[in-house]
Amino acid sequence: MDIRAILMGLAFALMWSSAFTSARVIVSAAPPISALALRFLISGLLGVLIALLLRQSWRLTRSQWRATIIFGICQNALYLGLNFVAMQTVEASLAAIIASSMPLLVGLASWILLGERIGRLGLGGLIAGVIGVTIIMGTRLQGGADMFGITLCVIGSIALAFATLAVRGASSGGNFLMVVGLQMLIGSAILGVIGAATETLVIAWSWQLVVAFAYTTLVPGLAATLVWFLLVDRIGAIKAATFHFLNPFLGVVIAALILSEPLGAWDVIGVLIITAGILAVQLSRQGAVRRPMPN
């Protein structure tokens, strides 16, 4: 892994982790599904426009179209849609921690469904991740965290894990920015219909809302997704996913600094355990890929 890939991975982790804090600001002042649909519409149109200026084509390969549609539905409509709804009652730090368990779900699914070997290190990482999540969940539920919102976050993480397993098809064949823009437009179309049918458009305007919406649209929305596709193309999905081990820590710290969300000792312990578990699973998966198969 070269220095450019490392910098790209760190930038992605920071941008991805900050999305929960800005989303929390948005959903406290605007209908979550409609706001997210508008965000995807703007990000998607910008992505497609810039891609066309760069002479990228929307004539994608069959595998790219399939993966792009899966991402549009699973990552944008389900994962982010459910998280935006959940964060009306769930703190940004808790949503970030739940979403950060996605690499553990990917590792578990790869082991059980795809027969991928993860070894003792990976198994230990999965166990550590479950322990860390249990510690945080127990603490937060005792503190009165909303169980319905938590359930939405968990379902969203499962959808994101499924989308991640399909990322390889979307990251091959070039046209990265076009792929990013199109999968956002797919998410916008689905969420727009749902928002129009279920929400009343009442907005409490403020400069904080405008800044949070602009930031979410351009940085976690467009830039982070593009960096992720480029990173996967550069070093592969398994190595790229290693940077997810930074997300629990960064998500909690950013929420604490900007939103002044409480951070207890058990939260810190749980986050450290989850972080170690994610890193162990990813390192194990990398080792499994490098290890030659027996004759």
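Which one of the conditions (1) modelled with pLDDT of 85 or more; (2) surrounded by 21 or more Cβ atoms within 10 Å (Cβ to Cβ) does ALA240 fail to meet, given that it meets all the rest?
(1)
Determine whether segment 201-221 contains at least one residue that is at pLDDT below 90, assigned to a helix (DSSP H, G or I) and crowded, with 17+ Cβ neighbours inside 10 Å.
Scanning segment 201-221 turns up at least one residue that is at pLDDT below 90, assigned to a helix (DSSP H, G or I) and crowded, with 17+ Cβ neighbours inside 10 Å.
Which condition from (1) assigned to a helix (DSSP H, G or I); (2) more than 17 Å from the chain's Cα centre (by Cα); (3) modelled with pLDDT under 85 is the one that ILE127 breaks?
Here ILE127 meets the rest and fails (3).
Quickly run through segment 260-275 and pick out the residues that are aliphatic (A, V, I, L, M) and surrounded by fewer than 17 Cβ atoms within 10 Å (Cβ to Cβ). Steps first, please.
In the first step, residues of segment 260-275 are kept if they are aliphatic (A, V, I, L, M); the result is 263, 265, 268-269, 271-274.
Correct list: LEU263, ALA265, VAL268, ILE269, LEU272.
If we keep just the residues of segment 38-79 that are β-branched (Val, Ile, Thr) and under 26 Å from ILE158 (Cβ atoms), which is surrounded by the fewest Cβ atoms within 10 Å (Cβ to Cβ)? Don't jump to the end; show me each part of the working.
So the first thing to find is which residues in segment 38-79 are β-branched (Val, Ile, Thr), and the list is 42, 48, 50, 61, 68-70, 73.
Subsequent filtering for residues that are under 26 Å from ILE158 (Cβ atoms) retains 68-70, 73.
Values: THR68: 25, ILE69: 15, ILE70: 20, ILE73: 19.
The residue in question is ILE69.
Mind listing whichever residues of segment 14-30 are farther than 30 Å from THR242 by Cα and either aromatic (Phe, Trp, Tyr) or touching a Ser or Thr at 6+ places or on another chain (Cβ under 7 Å) (or both)? Give the steps one after another, and end with the answer.
Of segment 14-30, the ones farther than 30 Å from THR242 by Cα are 28-30.
Correct list: ALA29 only.
Can you tell me which residues in segment 131-152 are within 18 Å of PRO248 (Cβ to Cβ), among the aliphatic types (A, V, I, L, M) and in contact (Cβ under 8 Å) with a residue 40 or more places away in the chain?
ILE131, VAL133, ILE135, ILE136, ALA145, ILE150
Among the residues of segment 71-94, which ones are aliphatic (A, V, I, L, M), touching a Leu at 6+ places or on another chain (Cβ under 9 Å) and assigned to a helix (DSSP H, G or I)?
Across segment 71-94, the qualifying residues are ALA77, LEU78, LEU80, LEU82, VAL85, ALA86, ALA92.
Would it be correct to say that SER17 is polar (S, T, N, Q), surrounded by 23 or more Cβ atoms within 10 Å (Cβ to Cβ) and either assigned to a helix (DSSP H, G or I) or modelled with pLDDT of 90 or more (or both)? Explain how you work it out, then say what you get.
Working: polar (S, T, N, Q): yes; surrounded by 23 or more Cβ atoms within 10 Å (Cβ to Cβ): yes; either assigned to a helix (DSSP H, G or I) or modelled with pLDDT of 90 or more (or both): yes.
Judged against the criteria, SER17 is a match.
Need the failing condition index for VAL252 against (1) within 17 Å of TRP16 (Cβ to Cβ); (2) among the β-branched types (Val, Ile, Thr); (3) at pLDDT below 85, just the number.
For VAL252, the failing item is (3).
Just to check your reading of the model, which residue among ALA204, ALA265, ALA224, ALA241 is over 30 Å from GLY138 (Cβ atoms) and either under 16 Å from the mean Cα position of the chain (by Cα) or without any contact (Cβ under 8 Å) to a residue 40 or more places away in the chain (or both)?
Going through ALA204, ALA265, ALA224, ALA241 in turn, just one is over 30 Å from GLY138 (Cβ atoms) and either under 16 Å from the mean Cα position of the chain (by Cα) or without any contact (Cβ under 8 Å) to a residue 40 or more places away in the chain (or both): ALA224.
Considering VAL180, VAL133, which residue is within 14 Å of SER43 (Cα to Cα) and buried (at least 18 other Cβ atoms within 10 Å of the Cβ)? Steps first, please.
Numbers: VAL133 fails: within 14 Å of SER43 (Cα to Cα).
The conditions single out VAL180.
The values are calculated or read from the model by the stated rules, or taken from the named source; none is laboratory data. Computed from a predicted structure; not experimentally measured. No Cβ is skipped: glycine too gets one built from the backbone with ideal geometry, and neighbour counts run over all protein chains shown.
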